[in-house]
Amino acid sequence: MRFGRISTGQKPECRLGSGLPMIVRSILVSLLSTSLLPGATALKDLAAYSQGMEALDSRLWEIAESRFEEALKTPDLSAADQRVLRLKQLETWIRGDRSAEAMTRLNEAAWAHDPETYFWKSQALAGLGRYREAAEGLAPAISNDKAAHRGEALLTRASLQLSLNEQDAASETLEVLAKVGDAESVRQARLRQAAILIDQGKPKEARKILPDGKLLPAEDQPEQAFLHARLLLAEGKSSEAASAFSILLDQPQGQSLLRYHAAIVGLADALAGSEGTAAAADSLLAAVQKHPDSPLLEAIFRRLQQWIPDQPTPNDAILERLAQWSPASPTPPTGLIRTSNSGAAGAWPTAEGKEGNDLAAFALFTRAIGLHRQPTPTAKAEAVRLLTRLRIEHPDHFLAAKALMQSAKWLLEEGRSERAFAALAAIRQTPGSPLVQGEAAFLEARSEFDRGKPAAAVALFDQASSLLPGSAADLAALNAALSRLQSGPVMAASPANPERQARIQADLELERALSEQEAERAFAALEKFIVDHPQSKRIAEARLAAAEAGLDMQPPNPAFSRSQIEIITQDLALANAVAPNKLDLIKLRVADQNPTPAEAIQLSRAFLSDHGNSQEAAEASMILGRSLFRNGDYHNARLVLEKLAASAPNDRNAPAALMLAARSAALGATAQSREEGLILFSTVASGSSGLAPLAKLERARLLTDLNRLDATIQELQPWFRSMPPQDELRTPVGLLLAEALYAQGAAKPASLTEALAIYDQLILASSKQPSMLHRLHYLRGMTLEKLPRGNGTAGTREREALESYFAVLQRDTSHPPDEWEWFERCGFSALALLEKAGRWEAAIATATKIASFNGPRAESAAARAKKLRLEHMIWEE
């Protein structure tokens, strides 16, 4: 049975007699280990249901809910299947911190007589922090042997009772479980009962009930070993306990993160008993240095506070280490606060990197306590300053209120009653102020500081110590073209005058081949003619035409074309049978197919020198300009291409030449060149060639690159709105428009909503283009990550962003993705969101899923999953 964790907004804590935090299994019990709920057999082949169960198993609650909602829309679902899906949906709500919504649903008449309602109502109550009501709601499982999920209900009830410090009641519940449960439930009950007895200071009874580790399955042995070490400590066997805790720390595999860190604390307690508090403190200081984000910092620092001497020396080891963990905040250069961000949130005087820094907060508080024990006025004044720093730099930390309480105690000790009572009144005051009130208090505090009244500023900072948030950017582009033509069968030969008729037939075949408008068909016909009529007087013409067709077909066959040119040039009779300018142009076109442009540049310049007045000169100039562009010589490319467009405005290459000249100018080294690029793009865009829309799009691309976002939006917005859904440029135009809107998001938040609407439209239109869908879902997710949640709710729409990323990750695995870049970007963005939220199990599952596709970044994803498992002590079952 797997146990999940549920966020309640509260931190119920069970303490052992030794002061070691009790490791209580999480309150919310998962039912994922039961394959399918009754009535769900028809759902197992439903993709949305399977994806929902996979997401639930990976702790991706919002994704699971979305998939179950999708499954509920399946036609002709039976009532039983609908019930299963709704129950799974309720589970995702409870696990996803939406217990209030779950309670509302469970209170509806439809659920009044469902046998599982009692169980899920209690889970929802636990999610709301109403532990006592939740425990009472599970009472039916005590006496009703037919109660739904009875074993899970009893385990949950015992966990709730432990959270309420009702250890005897929890033990009674576990005793019932030990009598009615299966073998696994009995083991769990006995382990928990042993933990309770240790906490109650009854080591003999605990020793009797603790199962023998050798008889337990591998997954339960680490917990038994931990309880055994605790028992040794409770029995006064400090040295043996230290050895037992050390073994646990040397063998972290299978340990939970919390239990591993509890072993660190247990080792320190054992060392305090066997070697003294100095050795114990040293072990904790070393552990915190290695694990600064330990989940048991409170327990660790409570011990360090106890082990600081009554009158510590100035160079006390604990105080020196605490000073390293709480360095002085750098003072802003022009006073307490100066920021470019708007509002009090941006101006809050939190030192960089301090936000949410538990270690610094604990170090400040503990160091203040230690310094205050020194007998000098300087040390005591510094202690007060440290507590003030704690309240200013960590206003939302629970120690902020404790620091104010400690300050009040010291003021009372000094006889400064009025200030002490003011501090105590502030502690008793209910915050509940709106954001604007907090901002006003903060701004007034800054004003007081600027006027040289730091004492008044501190008081106002204390008053405004509870509210405030923050925010984050990407890009895209595209091109297209086509060609087609038509044919007819070759006439059969006449029996009269066969030789003459054969020559006529051969000429007719060549004429028909030369008249083929489709390059592939022309190539096939000409190749056949060359094989069938190698001695034809027109063989040179046929070879040259075949070489040209080989270059025109898709994909081109430059190797064949080069071979035909070589045959012609090596035979003087053949070379003399074709026009030199035609032969040199095909040579040039073959060179134009090379990956490197050097040969094409050389041959095109030679062609223009030899045949500058020929009809083919325009094409040679086009190849020269394109080759210079490919070579990165944008200035000379532009000169050639603009000259071509100006000298032959009616040539078929003129619009393409001007287009490439515009691109060359856009890539030029000077601002003036880029401005001229905008003008050239406008010239092409205002023309009637097929390149006009593309020029309009590339002009918008350049405007965006020049950060002229308003101009981009002004040009693209009406165009995009007028485009029919089938327009092949609608997607690239929409992508570029959305990119510009997204880039304006920080200054104009409403533009993010417009960008999101565009991505939603493009996603609907791209349902059969997986590669484009990957890109669109990635960009949509990035936009949602920046969009405020609205209705005054703090934060951004990260949940919807996660859903967008998982729309890509949860795909048909029967074949690899059509592209990897955007697919893996979605995966790693989802991973980043889960890590940011501290959802380590879900992050590990996501990293593992990315790796399972064996894409270019699979190794990186697998390494990330492994690192997260090690860092957070989450092991594979």
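The values are calculated or read from the model by the stated rules, or taken from the named source; none is laboratory data. The model shown is predicted, which means the values in this text are computed figures rather than measured ones. Backbone-built Cβ (ideal geometry, glycine too); neighbour counts: all protein chains shown. SASA here: full protein model, heavy atoms, side chains in, ligands and nucleic acids out. Shrake-Rupley method; radii C 1.70, N 1.55, O 1.52, S 1.80 Å.
Give the range 817-854 a look and list any residue that's over 15 Å from Leu60 (Cα atoms) and of a type in the set (A, V, I, L, M), or say none.
Ala851
For the range 623-645, indicate whether the set of residues that are at pLDDT 90 or above, polar (S, T, N, Q) and open to solvent by 50 Å² or more (accessible area, probe 1.4 Å) is non-empty.
yes
Which of (1) within 24 Å of Ala695 (Cβ to Cβ); (2) of a type in the set (Asp, Glu); (3) in contact with a strand residue (DSSP E or B) (Cβ under 7 Å, 6 or more places away or on another chain) is the odd one out, the single condition Glu785 does not satisfy?
(1)
Got a sec? Which of Ser294, Ser326 is in contact with a His (Cβ under 9 Å, 6 or more places away or on another chain) and at pLDDT below 90?
After applying the criteria, what remains is Ser294.
When you look at Arg775, is it crowded, with 18+ Cβ neighbours inside 10 Å and under 24 Å from Phe68 (Cα atoms), yes or no?
The answer is no for Arg775.
Is there any pair with a first residue in the range 681-698 that is under 22 Å from Ile713 (Cβ atoms) and at pLDDT 90 or above and a second that is of a type in the set (Asp, Glu) and open to solvent by 30 Å² or more (accessible area, probe 1.4 Å) whose Cβ atoms are under 6 Å apart and which are 6 or more apart or on different chains, and what are they?
Phe681/Glu698
If you go through the range 809-854 one residue at a time, how many are more than 23 Å from Ser50 (Cα to Cα) and outside any helix (DSSP H, G or I)?
4
In this structure, is Ala279 closer than 20 Å to Arg230 by Cβ, in a helix (DSSP H, G or I) and in contact with a Pro (Cβ under 7 Å, 6 or more places away or on another chain)?
So Ala279 does not fit the description; no.
Per-residue answers, yes or no, for (1) closer than 24 Å to Leu174 by Cβ; (2) open to solvent by 60 Å² or more (accessible area, probe 1.4 Å):
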{"residue": "Lys208", "(1), (2)": "yes, yes"}
{"residue": "Lys214", "(1), (2)": "yes, yes"}
{"residue": "Ala218", "(1), (2)": "yes, yes"}
{"residue": "His228", "(1), (2)": "yes, yes"}
{"residue": "Gly266", "(1), (2)": "yes, no"}
{"residue": "Ala281", "(1), (2)": "no, no"}
{"residue": "Leu285", "(1), (2)": "no, no"}
{"residue": "Ile300", "(1), (2)": "no, no"}
{"residue": "Gln311", "(1), (2)": "no, yes"}
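With modelled with pLDDT under 90, within 30 Å of Leu779 (Cα to Cα) and crowded, with 19+ Cβ neighbours inside 10 Å as the only criterion, which of Leu482, Leu460, Leu478, Leu468 stands out?
Leu468
Residue pairs, Cβ under 8 Å, 6 or more apart or interchain, first in the range 125-147 and at negative phi, second open to solvent by less than 10 Å² (accessible area, probe 1.4 Å) and in a loop (DSSP other than H, G, I, E, B). List them.
Close Cβ pairs (under 8 Å, with a partner that is open to solvent by less than 10 Å² (accessible area, probe 1.4 Å) and in a loop (DSSP other than H, G, I, E, B)) amount to Ala126/Leu28; Gly127/Leu28.
In this structure, is Asp358 surrounded by fewer than 20 Cβ atoms within 10 Å (Cβ to Cβ), out of contact with any helix residue (DSSP H, G or I) (no Cβ under 9 Å at 6 or more places or on another chain), of a type in the set (Asp, Glu) and modelled with pLDDT of 70 or more?
no
Quick one: is Ser688 more than 39 Å from the chain's Cα centre (by Cα), over 30 Å from Ala591 (Cβ atoms) and open to solvent by 50 Å² or more (accessible area, probe 1.4 Å)?
yes
Report the residue count in the range 572-599 for those that are touching a helix residue (DSSP H, G or I) at 6+ places or on another chain (Cβ under 8 Å) and part of a loop (DSSP other than H, G, I, E, B).
The number of residues fulfilling the criteria is 5.
If you check Glu841, Glu800, Glu821, which single one turns out to be at pLDDT below 95 and farther than 30 Å from Leu46 by Cβ?
Only one candidate passes the filter, namely Glu821.
Scan the range 367-388 and report the pairs whose first residue is of a type in the set (Asp, Glu) and whose second residue is open to solvent by 10 Å² or more (accessible area, probe 1.4 Å), with Cβ atoms within less than 6 Å and a gap of 6+ or a chain change.
Glu382/Leu371
Anything in the range 589-631 that is basic (Lys, Arg) and closer than 23 Å to Ala579 by Cβ? List them, or say none.
The answer is Arg589, Arg605.
Go through Asn636, Asn613 for me and flag whichever is in a loop (DSSP other than H, G, I, E, B) and not β-branched (Val, Ile, Thr).
Of the residues listed, the single one that is in a loop (DSSP other than H, G, I, E, B) and not β-branched (Val, Ile, Thr) is Asn613.
Of all the residues that make up the range 845-856, how many are under 14 Å from Arg825 (Cα atoms) and either modelled with pLDDT of 95 or more or open to solvent by less than 50 Å² (accessible area, probe 1.4 Å) (or both)?
7
Output the number of the condition that Ile568 fails; it satisfies all remaining conditions of (1) buried (at least 18 other Cβ atoms within 10 Å of the Cβ); (2) within 30 Å of Lys643 (Cβ to Cβ); (3) not polar (S, T, N, Q).
(2)
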